[in-house]
1. How many residues are aliphatic (A, V, I, L, M), more than 9 Å from the chain's Cα centre (by Cα) and within 20 Å of Ala37 (Cβ to Cβ) if we restrict to the stretch 105-130?
2. I'd like to verify a number: residues in the stretch 97-148 that are of a type in the set (Phe, Trp, Tyr) and loosely packed, with under 15 Cβ neighbours inside 10 Å, how many?
3. Inside the stretch 36-47, can you point out the residues that are within 10 Å of the chain's Cα centre (by Cα) and either surrounded by 24 or more Cβ atoms within 10 Å (Cβ to Cβ) or not hydroxyl-bearing (Ser, Thr, Tyr) (or both)?
4. Please tell me if Gly83 is more than 20 Å from Ala37 (Cβ to Cβ), modelled with pLDDT of 95 or more and of a type outside the set (A, V, I, L, M).
5. Any residue in the stretch 18-32 that is buried (at least 16 other Cβ atoms within 10 Å of the Cβ), over 21 Å from Thr104 (Cα atoms) and either touching a Cys at 6+ places or on another chain (Cβ under 7 Å) or of a type in the set (Gly, Ala, Ser) (or both)?
6. State all residues of the stretch 118-139 that are out of contact with any Pro (no Cβ under 9 Å at 6 or more places or on another chain) and of a type outside the set (Asp, Glu); if no residue qualifies, say none.
7. Quick one: is Val71 closer than 14 Å to Leu111 by Cα, surrounded by 15 or more Cβ atoms within 10 Å (Cβ to Cβ), at pLDDT 95 or above and not polar (S, T, N, Q)?
8. Go over the candidates Arg14, Arg28 one by one and state the one that is more than 14 Å from the chain's Cα centre (by Cα), basic (Lys, Arg), assigned to a helix (DSSP H, G or I) and under 16 Å from Leu151 (Cα atoms).
Amino acid sequence: MPVLEADRVIAALRGAFARDVGRAELLRLAAERIRAAGAPYTSVYLYMLHGDQLELESHAGRDTEHTRIAVGHGVCGTAVSTGQDQNVPDVRAIENYIACNAWTRSELVVLIRRGATILGQIDVDSDVPDPFTADEEAEVRKVADALAVLL
């Protein structure tokens, strides 16, 4: 059974949307609720696509100096350039990895899409090697799909 319960996160997002909170609040709430699931969710970053750059618009967990990432660079940029989610069990094995911090061992990047259009992504870092199962990835994808509708 997955650690993350996407339905609970989505219910909170829908409630916030019904209260007419803005985009920044929806992204903050998503980051905080996903990270609140606990291990293996060490840090959660929400990057939104602006032209050929991903811009960090919200996060929960460790701060990062990587507030802008060019499409095609690192795991986050690769997800956008290939149009595919990225589940990296060991970030040390990735040649173009951009480290947010020294403790991260794995990363899950799930695109936020509206149809064929990529709006951004949920980037989850973990200090644990290879923790993101297909079920876990599916839960994060549910949240990404909900954000695509609400943003």
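1. The first filter runs over the stretch 105-130 and keeps only residues aliphatic (A, V, I, L, M), leaving 108-112, 116, 118-119, 122, 124, 128.
In the following step, the residues that additionally are more than 9 Å from the chain's Cα centre (by Cα) were identified as 116, 118-119, 128.
Then keep just the ones that are within 20 Å of Ala37 (Cβ to Cβ); that gives 128.
Adding up the residues that qualify gives 1.
2. Step one: filter the stretch 97-148 for residues of a type in the set (Phe, Trp, Tyr), giving 97, 103, 132.
Filter again for loosely packed, with under 15 Cβ neighbours inside 10 Å, leaving 103.
Count: 1.
3. We begin by selecting, within the stretch 36-47, every residue within 10 Å of the chain's Cα centre (by Cα); these are 43-47.
Those that are within 10 Å of the chain's Cα centre (by Cα) and either surrounded by 24 or more Cβ atoms within 10 Å (Cβ to Cβ) or not hydroxyl-bearing (Ser, Thr, Tyr) (or both): Val44, Tyr45, Leu46, Tyr47.
4. Working: more than 20 Å from Ala37 (Cβ to Cβ): yes; modelled with pLDDT of 95 or more: yes; of a type outside the set (A, V, I, L, M): yes.
Yes.
5. The answer is no; no qualifying residue exists.
6. Answer for the stretch 118-139, where residues must be out of contact with any Pro (no Cβ under 9 Å at 6 or more places or on another chain) and of a type outside the set (Asp, Glu): Ile118, Leu119, Gly120, Gln121, Ile122, Ala134.
7. Values: closer than 14 Å to Leu111 by Cα: yes; surrounded by 15 or more Cβ atoms within 10 Å (Cβ to Cβ): yes; at pLDDT 95 or above: yes; not polar (S, T, N, Q): yes.
Yes; evaluated as a whole, the condition is true for this residue.
8. Numbers: Arg28 fails: more than 14 Å from the chain's Cα centre (by Cα).
Just one listed residue meets the conditions, Arg14.
The values are calculated or read from the model by the stated rules, or taken from the named source; none is laboratory data. What you see is a predicted model, and the numbers here were worked out from it, not measured in a lab. Neighbour counts are summed over all protein chains in view; Cβ atoms, including those assigned to glycine, are modelled from backbone coordinates with ideal geometry.
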